[in-house]
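All remarks here apply to the structure that follows.
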Amino acid sequence: MINIINNILVSNGYKQVELVLQQDVADLYLFCPLTESKREEYFVTVQLRTQSDSTAQCLLENQVQDWFETISHSGKVDQTFEKNCTMLLCHEEDKISRQTILMIEEDQYNFKKNVIASSQQEVLALQSYLAQEQIEKVTTKIINSIINVDSGKGFLDFKENNKLQKDHYSLILKIALKLPFVTYSPQEQKLSNLINDIDNSLPSELASIYNKLINLDVEWTESNSVQNVEMIWGRLV
């Protein structure tokens with residue numbers, strides 16, 4: 001999972017910073033914004049090597065502050081790091097509770113924190129989708145194209161089955177919600193001309209009657225509706 005998140009960061013204006021951090025509890029990567037992107041936010045991606053609810057809690061209590069201080073004094077980051085860095089914790093969803101996720105994300109010390117909880121089924125599905133579609137860089141544009149698939153039908157299907165759906169689509173939505181630089185762009189809908197649609201769908205004889213009806217200057221009230229219909233229809237046939 002962490003490799004997918006790292007790919008998204010590199011594909012959207014961030015570069016990995018070489019960092020030596022003496023620890024063996026997790027895979028950890030530091031990303032800084034490219035100069036031309038004019039962004040200031042740093043990201044630290046983390047994936048525990050032993051995943052459980054208790055190790056996630058222990059991470060918050062015993063590891064995160066040490067990492068924050070080490071990175072701050074590493075010479076690899078500038079002064080914006082301390083106030084503008086987000087830790088992205090990748091974790092298997094069936095090995096972490098909702099309560100622990102909230103505890104981590106609501107903690108106000110050191111990093112801002114987002115937990116991306118996924119199932120192995122979702123990760124495999126997304127890896128398979130990216131390979132099948134030959135997608136090497138998961139840009140914001142790619143993320144939006146996945147979300148907007150079939151003119152938004154994919155999202156409607158997900159709304160109906162979100163508790164059961166475990167595929168590449170559900171994981172992309174989770175990721176998009178946790179990455180602040182991913183901006184959702186709804187697919188532009190082409191609006192049709194209703195009058196033209198009606199004209200094109202009616203047989204020629206009915207189209208003639210329809211056009212005469214809409215062009216008649218007749219006042220309609222509750223008391224004269226039947227009379228007007230009889231009068232108009234008699235005039236048209």
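Derivation of every value follows stated rules applied to the coordinates shown; laboratory data play no part. Here the structure is a predicted model, which is why all the values come from computation and not from measurement. Heads up, the Cβs are rebuilt from the backbone with ideal geometry, glycines too, and the neighbour counts pull from every protein chain shown.
How charged is the neighbourhood of residue 2? Take every other residue with its Cβ under 12 Å from the Cβ of residue 2, and add Lys/Arg as +1 and Asp/Glu as -1.
-1
Might you report the magnitude of the Cβ-based charge dipole of the stretch 1-132 about its Cα centre, with Lys and Arg at +1 and Asp and Glu at -1, to the nearest 20 debye?
320 debye
Quick one: if you stick a label point 7 Å off each Cα along the C-beta vector at residue 165 and residue 54, how many nm between them?
Here the answer is 3.7 nm between the modelled labels.
Rounded, prolate or oblate: which fits the stretch 50-183, taking a ≥ b ≥ c as square roots of the Cα gyration tensor eigenvalues, rounded meaning a/c under 1.5, else prolate when a/b beats b/c?
Prolate.
Alpha carbons only, please: Rg and Dmax for the stretch 47-92, in angstrom.
My reading of the Cα-based Rg and Dmax gives 12.2, 34 Å.
If you project the alpha carbons of the stretch 1-49 onto their three principal axes, what span does each projection cover, largest first, in Å?
Dimensions of the stretch 1-49 along the principal axes of its Cα atoms: 34, 21, 14 Å.
Give the shape of the stretch 1-127 as rounded, prolate or oblate, defined through the alpha-carbon gyration tensor: a ≥ b ≥ c are the square roots of its eigenvalues, a/c under 1.5 means rounded, and otherwise the shape is prolate if a/b is larger than b/c and oblate if not.
oblate
Quick one: if you stick a label point 7 Å off each Cα along the C-beta vector at residue 151 and residue 95, how many nm between them?
Each label point is offset 7 Å from its Cα along the Cβ direction, giving 4.3 nm.
What list of ³J(HN,Hα) values in whole Hz, one per residue of the stretch 80-89 in order, does the Karplus curve 6.51 cos²θ - 1.76 cosθ + 1.60 (θ = phi - 60°) give from phi, with Gly and Pro shown as x?
Per-residue couplings from phi come out as 6, 4, 4, 10, 9, 9, 10, 9, 10, 9 Hz.
Using only the Cα atoms of the stretch 98-138, build the gyration tensor, take square roots of its eigenvalues as a ≥ b ≥ c, and label the shape rounded, prolate or oblate: rounded if a/c is under 1.5, else prolate if a/b is larger than b/c, else oblate.
oblate
What is the percent of Cα-Cα separations in the stretch 63-128 that go past 15 Å?
Cα-Cα pairs in the stretch 63-128 separated by more than 15 Å: 60 percent.
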